Amino acid sequence: MAATGMHVGHKLHKKCRVLLTNLELLWGKRTFVGISAVRLQALDATESGTESTEQIVIPRKKVWSKEAVLETLASTVRRDPTAYPYQFQDDPYLSPNNSAEFNLYSLSQESGKSAAKYFINNYPKFFTKDFAEPHIPCLMPDTISLQLDEVSEAALKERISLRKVKDAVDMYDQLLQAGISVSMETTHDLLDLICLFCDKDPVQDDGIQTEYNEAMKSGIEVRKRGRFHQSSDFLKLVWRDQNNAERIFNMLPEKDTRCYSALIRGMVKHGAYTKAFSTYTDLLNNRLTADVHIFNALLSAAPEVREKYIEKWELITEILNQMSQQKVQPNLQTFNSILKALRRCGSLARTMVMQTLSEMKSLQIVPSLASFNHVLSVFNKPGMSVQITNNVLQEILSELAGKRLTCQDPDDVLFFFNAMRFCLDSKDLELAYEVQRLVEVGENWRLLGDPFQQNNYYSRFFNLLCMMEHIDKVLKWYRDFIPSLYYPKYEDMIILLQALDTDNRLDMLPTIWKDIRTFGQDNKLELIKELLALMARDKHSPEVQESFAACALDVKSVFVGNDNNRFSLEWSTPTLTHITSLLLRANKIQEAWEMMQLFKANNRVPSDKLFEDFLSVCRQDGSAHTAIKLVQLSAAFCLQATPSLAKRTLADFDLKEEQRIILSELETVAQPAD
């Protein structure tokens, strides 16, 4: 036993020595590997007695923005075609099902934002904590209250920055009365503010109704625009003579180009076109040179001060010559103003448009979508050849193909809207596909405009698909568009039903009916009539007829099961007939008999053919009792087919004696006189 213990101890001691030796070797290797490359290079240089001449360049640290991770994650997410628009995903209860609800919820959401903005700006002391990372300035209170009360130029700048027009004018007058001079830069900002808002404080969301009433009392023109525009856009202010802008301008001891620019642009913006040209003449008389903004404003106002087409173009040419003489370099807005003015120059514009585009190319100014929209509008006129307009749009799309576009002009958002309208009018599907491909590049979809324009764009594209494309592709686009991009109108659904009929895909009608109910369009009688007429026109396989019957019962529930009184639909003879026929083809005799009772309840008279079809189904099912009631109902309607129905029933059914007596009496009933 002792020998055995000594042997075991010797073995353990030997293995421990081997383990320690291996660990020392491993540690030596790890230490060598852990030495940096720079240290090794220094050791080698020291050992060799030479110094390294290579310069060590430390790479600059990459600084990422705080939103980089969010932007990267967002780029990996694609649009879900089955989801509602992103703006409604925070509250599933307020997910709109149709265009009416979309408009209502959109306006409600904007109203809620306006109310929240009102409270956060007027009571900023309750919103002092900022939990957002990174910081989001638009979620924090704005400084809207005046902090400086003394009469000083700093107080004037504060009122200008807060867009307090009347307060800024009062402060300016107080400075002049106190003998304090105002710098020219601040005067420029004041004139810009007054001319931009036409000498009135900007209308706040909480004061739109008051402003509207004041405008009505004072005779200011009020215009109605799209429902998605801002409230301040509903009021069109008119430039008044000797307003504060003109008064301050006339009091200036020295007037420079910037002062004239603010005044002229304000006059053009608010409809004083003739006065703008008169002010420009005054600028020339003072031996001043206009800037590009003045010329852009005058070019846009040129069609307003001339009547004949040739006179309008001559004025535009004169302005351009003066621009050249004063050596003012045009910009994109200059050419867009010319192209927009040419839209009101009749047939003369077609030649001048091409010259304008050539001049843009020579100056290396890239047209924006607004430029192309004006060009398309010039050629898309009544009486103009469709092929010519088609070629123009084709060239425009070839120029823009694959490009990521940005908004450079307020009219940029009108191009896709008008381009798709032309494609629908000319029934050019390939051209419409090119327009849609351009929309899908990058974030070009943002240039579709407001939700109203976007909905109309997709509606036109979908209508064109239904008319020109195969039904399988139509349904693919249908699933891709709805409801994530737009909500179809009931007219769009009628066109879809007709497309299903054209390609003989009526088996899809029950599925489309479910969508119709989801969209809240089950109160459109015209749409229901079209659906029932297509289902009842021909006979189909038993499976299809079964689905049609279930759909017909659902349609019936819309008429008779309307408990919430959202709408009221009136039964018509064709509607009752179609539903009854669909139920009979699916051998639903009891449900069909209930429909026959609705004829009498709604003072409608069924056709003889419907009774004959019903009797044939009763014969197949062996329902003698229902057949007798059917003949009696025919007699109650005083139909001419009553004797023949009674004769068929006597011949085709195994009846009791009492039943035969009843039918015999109905068979001999005299037909009503004409």
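The values are calculated or read from the model by the stated rules, or taken from the named source; none is laboratory data. Small disclaimer: the values here were computed from a predicted structure and weren't measured. All Cβ positions, even for glycine, are placed from backbone atoms using ideal geometry, and neighbour counts span all protein chains on display. The area values use the complete protein model at the heavy-atom level, side chains included, leaving out ligands, DNA and RNA. Shrake-Rupley method; radii C 1.70, N 1.55, O 1.52, S 1.80 Å.
Scanning the stretch 379-389 for residues that are among the polar types (S, T, N, Q) and either outside any loop (DSSP other than H, G, I, E, B) or touching a strand residue (DSSP E or B) at 6+ places or on another chain (Cβ under 7 Å) (or both) returns Gln387, Thr389.
Number of residues in the stretch 323-380 that are in contact with a helix residue (DSSP H, G or I) (Cβ under 6 Å, 6 or more places away or on another chain), open to solvent by 20 Å² or more (accessible area, probe 1.4 Å), of a type in the set (Val, Ile, Thr) and closer than 24 Å to Thr406 by Cβ equals 1. Where helices (runs of 4 or more DSSP H) sit wholly within the stretch 422-482, those with at least 2 residues that are over 15 Å from Leu393 (Cα atoms) and open to solvent by 30 Å² or more (accessible area, probe 1.4 Å) occupy 451-468, 471-481. Filtered by the rule that a residue be under 39 Å from the mean Cα position of the chain (by Cα) and open to solvent by 10 Å² or more (accessible area, probe 1.4 Å), the stretch 274-295 gives Thr274, Lys275, Phe277, Asp291, Val292, His293. Pairs meeting the criteria (first residue in the stretch 517-529 and part of a helix (DSSP H, G or I) and polar (S, T, N, Q), second residue open to solvent by 30 Å² or more (accessible area, probe 1.4 Å) and at pLDDT below 90, beta carbons under 8 Å, at least 6 apart or on different chains) are Thr518/Asn97. Checking each residue in the stretch 115-150 for being farther than 26 Å from Glu67 by Cβ and either at pLDDT 90 or above or open to solvent by less than 60 Å² (accessible area, probe 1.4 Å) (or both) picks out Ala115, Leu146, Leu148.
It is to be established whether one or more residues within the stretch 185-203 are of a type outside the set (Ser, Thr, Tyr), exposed (fewer than 13 other Cβ atoms within 10 Å of the Cβ) and over 32 Å from the mean Cα position of the chain (by Cα). Looking through the stretch 185-203, at least one residue is of a type outside the set (Ser, Thr, Tyr), exposed (fewer than 13 other Cβ atoms within 10 Å of the Cβ) and over 32 Å from the mean Cα position of the chain (by Cα). The single condition among (1) open to solvent by 10 Å² or more (accessible area, probe 1.4 Å); (2) not in a helix (DSSP H, G or I) that Pro606 does not meet is (1).
You will find that of Gln436, Gln453, Gln387, Gln408, the residue that is within 20 Å of Tyr84 (Cα to Cα) and polar (S, T, N, Q) is Gln453 and no other.
Considering only residues that are among the aliphatic types (A, V, I, L, M) and more than 25 Å from Ser568 (Cα to Cα), look in the stretch 497-532 and name the one that is most open to solvent (accessible area, probe 1.4 Å). This residue is Met508.
Within the span defined as the stretch 556-574, one or more residues are within 34 Å of the chain's Cα centre (by Cα), among the aliphatic types (A, V, I, L, M) and either in a helix (DSSP H, G or I) or modelled with pLDDT of 90 or more (or both). Would you be able to say whether some residue in the stretch 65-80 is touching a Ser or Thr at 6+ places or on another chain (Cβ under 9 Å) and open to solvent by less than 100 Å² (accessible area, probe 1.4 Å)? Yes: one or more hits.
Quick one: would you say Phe559 is among the aromatic types (Phe, Trp, Tyr) and either open to solvent by 50 Å² or more (accessible area, probe 1.4 Å) or under 27 Å from Glu101 (Cβ atoms) (or both)? Here the answer is yes, as Phe559 does meet what is asked. In this structure, Ser616 does not satisfy being buried (at least 19 other Cβ atoms within 10 Å of the Cβ), farther than 26 Å from Met508 by Cα and not charged (D, E, K, R). Please go through the stretch 515-547 and give me each residue that is out of contact with any Ser or Thr (no Cβ under 7 Å at 6 or more places or on another chain), more than 18 Å from Ala100 (Cα to Cα) and of a type in the set (Lys, Arg), ordered by number. Residues satisfying the conditions are Arg537, Lys539. Checked against the criterion of being modelled with pLDDT of 95 or more and among the small types (Gly, Ala, Ser), the candidates Ala419, Ala401 yield just one match: Ala419.
All conditions but one from (1) free of Cβ contacts under 8 Å to residues at least 60 places away in the same chain; (2) assigned to a helix (DSSP H, G or I); (3) within 28 Å of Glu71 (Cα to Cα) apply to Arg404; the one that does not is (2). Residue-level analysis places Ser547 outside the set of residues that are free of Cβ contacts under 8 Å to residues at least 24 places away in the same chain, out of contact with any Leu (no Cβ under 7 Å at 6 or more places or on another chain), open to solvent by less than 50 Å² (accessible area, probe 1.4 Å) and part of a helix (DSSP H, G or I). For Gln590, the conditions (1) surrounded by 15 or more Cβ atoms within 10 Å (Cβ to Cβ); (2) within 19 Å of Ser623 (Cβ to Cβ); (3) free of Cβ contacts under 8 Å to residues at least 24 places away in the same chain all hold with the exception of (1). Within the stretch 84-112, how many residues are over 20 Å from Tyr490 (Cα atoms), assigned to a loop (DSSP other than H, G, I, E, B) and of a type in the set (S, T, N, Q)? Selection size over the stretch 84-112: 1.
Among the residues that make up the stretch 101-111, is at least one of them farther than 30 Å from Arg479 by Cα and at pLDDT 85 or above? Yes, some residue in the stretch 101-111 is farther than 30 Å from Arg479 by Cα and at pLDDT 85 or above. For the stretch 282-296, does any single residue satisfy the condition of being without any contact (Cβ under 8 Å) to a residue 24 or more places away in the chain and closer than 30 Å to Pro202 by Cβ? So far as the stretch 282-296 goes, yes, one or more of its residues are without any contact (Cβ under 8 Å) to a residue 24 or more places away in the chain and closer than 30 Å to Pro202 by Cβ.
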